[in-house]
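The values are calculated or read from the model by the stated rules, or taken from the named source; none is laboratory data. What you see is a predicted model, and the numbers here were worked out from it, not measured in a lab. Note that we place each Cβ from the backbone using ideal geometry, even for glycine, and neighbour counts take in every protein chain shown.
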Amino acid sequence: MPSRHIVRPSGHFRPGDTGVSVMGHASSRGSDVMQLYPLFADLTNRPVLVVGGGDVAARKASMLLRAGAKVTVGAPMLGPELRELAQQGRVTFRAGAYQSDWLDGVWLVIAATRSRPLNARVAADGHLQQRLVNVVDDPALSSFQVPAVIDRSPLLVAISSSGTAPVLARRLRERIESLIDPALGSLLQLAQRYRTRIRARYADLAARRRFYDWLHDGPVNALLRASNPVRAERQLLAALSGDQEPKTRGSVALVGAGPGDPGLLTLRALRALNEADVILHDELIGPQVLDLARRDAVRIAVGKRGGGMHTAQETIHALLLEHAQAGRRVVRLKGGDPFVFGRGGEELEFLRSHGIAYEVVPGITAALACAAYSGVPLTHRDYAQSVRLVTAHCQQSFNTLDWEELARERQTLAVYMAVSKIDELTRQLLAHGRAPSTPFALIENGTLPDQRTLTGVLDDLPALAAHHAIHAPALLILGEVAALADTSHWYGELLDISLRHPAIANALADAA
Ligand code: SAH
């Protein structure tokens, strides 16, 4: 058993040698020793052999085909996938029992049969003939390992645990994969195509480095991320034919951080946080989210505390401008989604009018998040054909709401910033004809560990909210669907049901 974990250089392979345990083996070689030599092989048009006809062999053959190798598959018979590849002429099929002469002229061999003795025979023959040998999931028999790969060709990231724990290597791969923007592959393709011209234009190494930095941090990559390959290439060409070295200019990403649970960030938001030099974040955004940003990024809390709302917004604009103009990558991190009651539109307009490059990363808005985390479907075939996102935060917006419309049946209201206006909101809805028995769910600190969900009927809403001292941030869901929270709720605390009884609520209201 221990021999399965030993990684030996091919020259040392002796069939049947099972003597040394991995720990002793590895430690005796010291920590400065690499167990494997990393290697990216050009297999274009080179003959390779896969022994085995099943699913695993098919996977290996496909990857070799992607790398342009001339693949021969040897097996008594083929499974459906390989059979198809053989019929299409993409792999050559050698039918029959394994013969050592299958190895003639091949660069490398992968043994992927179910029989360990057969795999061992293939490996022994391969080692003898000095072929590179991989036996799937069997490092002891192999002279090379196939790493877990992130393929953004021409960019390749390969991860290996030296055969000790392929599953962990794959996990790591998933994590790294999420950090690499898919557009990076296109950027490298572009760089590859213009490599000679870039070298010619920037013969000096330091200048060339600066150019590649610009390529990555500047408008070319931004245009690729914004799905504009034609304009990206034009930018690159313009930079190559200009007399001046292009300068990296700053940019702003308006990023939605979601409602609080860091698991609800998008991959794109995570990447933006990883690349930011400066993060201007709303006060409400918690440390779990901010901790995901680059360690040395400057974090600046901006928001509604201190001074009037208007002044604060101007200050935010000024800060955005200052840092972007200094050439920094700025993330403006906002709770939920930047375009839902987040003044993202104003910030975007400001950036546009000052010629600052920007992108927008949507986030999960509080209504969607709170609904999901309290088990309330916002629309429902039987109860609600539409949903409205409403805010009730200031008197002016409050007075201009169309109450007739809002009080209509068969729709769901998701009310932002409702806490301080609960009494008036309830009064208006009742006055305009929404039934007193309309269910509500009021979700405080949605998606955070201290989420509390209060349910009841509209008539009791003010008294219940006051009794439970519901504080901002809280989101109100009103409509038939809200009743489903009582049965479908799954996250955080559902407030004590006895206090939701109308009679008790009335008594509470009287007492208040
Ligand atoms: N842009 C944000 C909304 C900003 S307005 C978004 O898309 O979600 C701020 C209001 O959002 C709060 O008053 C509250 O009503 C709601 N909100 C934000 N985060 C919340 C959370 N974690 N739980 C409940 N409500 C939240």
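The table that follows gives values for the structure above.
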{"read-out": "Number of the exception - Gln129 against (1) surrounded by 16 or more Cβ atoms within 10 Å (Cβ to Cβ); (2) touching a helix residue (DSSP H, G or I) at 6+ places or on another chain (Cβ under 7 Å); (3) not acidic (Asp, Glu)", "value": "(1)"}
{"read-out": "Any chance Leu430 is farther than 29 Å from Ile285 by Cα and of a type in the set (A, V, I, L, M)", "value": "yes"}
{"read-out": "Any hit, the stretch 427-450, residues being within 16 Å of the ligand (Cβ to nearest atom), polar (S, T, N, Q) and assigned by TED's automatic domain parsing to the domain that holds Arg381", "value": "yes"}
{"read-out": "Among the candidates Arg209, Arg170, residue that is over 27 Å from Asn228 (Cα atoms) and basic (Lys, Arg)", "value": "Arg170"}
{"read-out": "Meets criteria (more than 15 Å from Tyr358 (Cα to Cα) and outside any loop (DSSP other than H, G, I, E, B)) for Glu346", "value": "no"}
{"read-out": "Selection status of Gly96, touching a strand residue (DSSP E or B) at 6+ places or on another chain (Cβ under 6 Å) and within 14 Å of Val50 (Cα to Cα)", "value": "no"}
{"read-out": "Qualifying residues in the stretch 350-374 (those that are among the aromatic types (Phe, Trp, Tyr) and touching a residue at least 60 places away in the same chain (Cβ under 8 Å)) - the one nearest to Gly479 (Cα to Cα)", "value": "Tyr373"}
{"read-out": "Qualifying residue in the stretch 132-151 (condition: at pLDDT below 90 and over 20 Å from Asp42 (Cα atoms))", "value": "no"}
{"read-out": "Odd one out for Leu389 among (1) within 12 Å of the ligand (Cβ to nearest atom); (2) buried (at least 20 other Cβ atoms within 10 Å of the Cβ); (3) within 30 Å of the chain's Cα centre (by Cα); (4) not assigned by TED's automatic domain parsing to the domain that holds Val298", "value": "(2)"}
{"read-out": "In the stretch 394-426, the residues that are aromatic (Phe, Trp, Tyr) and within 15 Å of the ligand (Cβ to nearest atom)", "value": "Phe398, Tyr416"}
{"read-out": "Pairs where the first residue, in the stretch 437-450, is free of Cβ contacts under 8 Å to residues at least 40 places away in the same chain and among the acidic types (Asp, Glu) and the second is more than 6 Å from the ligand (Cβ to nearest atom) and not in a loop (DSSP other than H, G, I, E, B), C-beta under 7 Å, 6+ apart", "value": "Glu444/Arg452"}
{"read-out": "Identity of the residue in the stretch 347-378, in contact with a strand residue (DSSP E or B) (Cβ under 6 Å, 6 or more places away or on another chain) and of a type in the set (S, T, N, Q), that ends up farthest from Asp486 (Cα to Cα)", "value": "Thr365"}
{"read-out": "Residues of the stretch 321-343 satisfying the condition of being part of a loop (DSSP other than H, G, I, E, B), within 11 Å of the ligand (Cβ to nearest atom) and not small (Gly, Ala, Ser)", "value": "Asp337, Pro338, Phe339, Val340, Phe341, Arg343"}
{"read-out": "Set Glu322, Glu359, Glu349: member being of a type in the set (Asp, Glu), farther than 26 Å from Asn445 by Cβ, in contact with a Leu (Cβ under 9 Å, 6 or more places away or on another chain) and not assigned by TED's automatic domain parsing to the domain that holds Thr391", "value": "Glu359"}
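Conditions (1) in the same structural domain as Ala148 (by TED's automatic domain parsing); (2) assigned to a loop (DSSP other than H, G, I, E, B); (3) surrounded by 14 or more Cβ atoms within 10 Å (Cβ to Cβ), marked per residue:
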| residue | (1), (2), (3) |
| --- | --- |
| Lys60 | yes, no, yes |
| Leu64 | yes, no, yes |
| Gly68 | yes, yes, no |
| Thr72 | yes, no, yes |
| Leu78 | yes, yes, yes |
| Glu84 | yes, no, no |
| Gly89 | yes, yes, no |
| Phe93 | yes, no, yes |
| Asp101 | yes, no, no |
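Quick grid of which residues meet (1) surrounded by fewer than 17 Cβ atoms within 10 Å (Cβ to Cβ); (2) of a type in the set (Ser, Thr, Tyr); (3) within 30 Å of Arg452 (Cα to Cα):
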| site | (1), (2), (3) |
| --- | --- |
| Leu190 | no, no, no |
| Leu205 | yes, no, no |
| Arg231 | yes, no, no |
| Ala238 | yes, no, no |
| Gly242 | yes, no, no |
| Lys247 | yes, no, no |
| Ala253 | no, no, no |
| Leu267 | yes, no, yes |
| Arg271 | no, no, no |
